[in-house]
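Bear in mind these aren't lab numbers, they're just calculated from the coordinates by the rules spelled out. Just so it is clear, the structure is predicted and the values come from calculations on it, not from any experiment. Virtual Cβ from ideal backbone geometry, glycine too; neighbours counted across all protein chains shown.
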């Protein structure tokens, strides 16, 4: 199957065909072993077993598996590239925003 255009999903997305356009998900995008993606990807997490040509913007983690290939720039908080994987491009590691936690201030009333 070949899809040309924009794909936006809230759930996990698995690509095992060809996609030419834009891929966006609020969850996980997996490019399967027979997947050929020629577009930019934006997601929370990406796993590549197939071929991707385009920039990848990931808020959490990207993994390029053993037979996977990526030609493009990566912006992510975490990355893993397996032995045998192919990558050509630049990597921009971004730190996630620190979570601000406010601790309640304990005040002790003094008896007079």
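Numbers for the structure displayed
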item: Of all residues in region 1-22 being within 12 Å of residue 36 (Cβ to Cβ) and in a strand (DSSP E or B), the one that is nearest to the chain's Cα centre (by Cα); result: 15
item: Among the residues listed as 31, 52, 58, the single one being in contact (Cβ under 8 Å) with a residue 24 or more places away in the chain and on the phi < 0 side of the Ramachandran plot; result: 31
item: Elements of type strands (runs of 3 or more DSSP E) contained in region 30-79, each with 2 or more residues being under 16 Å from residue 16 (Cα atoms) and touching a strand residue (DSSP E or B) at 6+ places or on another chain (Cβ under 7 Å); result: 36-48, 51-53, 69-71
